[in-house]
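Reading through the structure tokens given below for one structure.
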């Protein structure tokens, strides 16, 4: 019962509440997710059960894709429709070309400051708890990558966007920044995560489909299929199983990369390693 679920989270529940529902359905002892979705957001939430909880950090590194509806002309403190209205401006003079021109400025590597209304912890305290008390503190910016930012529809005061981005991207913040650049403000009213790495929404399960939609259930090995694999000889396998680094000759493309480690009588996945020089250091062992 150690596998990974491509779960389609519904609106108005937290990611942790979604995890609890999946955990209960499968009677799992442990469960965790690989990347938070806001309560108002829907879509792909990767839920890991039992032994698969050991690989959440590798899955959280994957690129993401979102569909988002934005309302121009209104800015809120949470950057979405759940927040308090901060300012309102007229959008009637905006033209589609102006929006397209601004969007191009956000493609590529950009700096982004995480919002106060987020789960990021400062000295053990989630930022959103401080924000609810009216406290704002300085946050360090992050370097993120926007691979694609397409205008899907233009119907003032609303625009629909498709966003392809790196891990750590706050789409709410991206939309708030776009609103600032347009000079009218903006906030998110609909947000759907459609892809995490190879996990697409078309293969995800809603709470009603759990256990019925087989394509949403992945073994640990298949969930990590984006990592290259290496099969160790018997001696190296036993060293690695004890958490000891093993000496191997690998291709240069593997340097500083994570690998799926296989070995033993049936050549099954038993761990994840990281290649440094001509060694594989053990990052995570799986039972």
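The values are calculated or read from the model by the stated rules, or taken from the named source; none is laboratory data. Treat the numbers as computed from the prediction; the structure is a model and nothing was measured. No Cβ is skipped: glycine too gets one built from the backbone with ideal geometry, and neighbour counts run over all protein chains shown.
Numbers below:
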{"quantity": "Top-ranked residue of the stretch 82-99 - restricted to ones that are modelled with pLDDT under 95 and buried (at least 16 other Cβ atoms within 10 Å of the Cβ), ranked as farthest from residue 184 (Cα to Cα)", "calculated": "82"}
{"quantity": "Single residue of 47, 70 found to be touching a helix residue (DSSP H, G or I) at 6+ places or on another chain (Cβ under 7 Å), buried (at least 21 other Cβ atoms within 10 Å of the Cβ) and free of Cβ contacts under 8 Å to residues at least 60 places away in the same chain", "calculated": "47"}
{"quantity": "Enumeration of residues in the stretch 100-114 that are more than 18 Å from residue 191 (Cβ to Cβ) and outside any strand (DSSP E or B)", "calculated": "100, 101, 102, 104, 105, 107, 113"}
{"quantity": "Evaluation of residue 47 against (1) closer than 22 Å to residue 224 by Cβ; (2) within 17 Å of the chain's Cα centre (by Cα); (3) not in a strand (DSSP E or B) (one fails), failing number", "calculated": "(3)"}
{"quantity": "Test: residue in the stretch 64-86 that is more than 22 Å from residue 182 (Cβ to Cβ) and assigned to a helix (DSSP H, G or I)", "calculated": "no"}
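Condition check ((1) in a strand (DSSP E or B); (2) surrounded by 16 or more Cβ atoms within 10 Å (Cβ to Cβ)) across all residues:
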| residue | (1), (2) |
| --- | --- |
| 130 | no, no |
| 137 | no, no |
| 144 | yes, yes |
| 153 | yes, no |
| 163 | yes, yes |
| 179 | no, yes |
| 211 | no, no |
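A quick yes/no check of all residues on (1) without any contact (Cβ under 8 Å) to a residue 12 or more places away in the chain; (2) within 20 Å of residue 51 (Cα to Cα); (3) surrounded by 16 or more Cβ atoms within 10 Å (Cβ to Cβ):
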{"site": "231", "(1), (2), (3)": "no, no, no"}
{"site": "237", "(1), (2), (3)": "no, yes, yes"}
{"site": "241", "(1), (2), (3)": "no, yes, yes"}
{"site": "255", "(1), (2), (3)": "no, no, no"}
{"site": "260", "(1), (2), (3)": "no, yes, yes"}
{"site": "265", "(1), (2), (3)": "yes, no, no"}
{"site": "280", "(1), (2), (3)": "no, no, yes"}
{"site": "287", "(1), (2), (3)": "no, yes, no"}
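The rows are residues; the columns are (1) under 25 Å from residue 260 (Cα atoms); (2) under 17 Å from the mean Cα position of the chain (by Cα).
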{"residue": "3", "(1), (2)": "yes, no"}
{"residue": "6", "(1), (2)": "yes, yes"}
{"residue": "43", "(1), (2)": "no, yes"}
{"residue": "76", "(1), (2)": "no, no"}
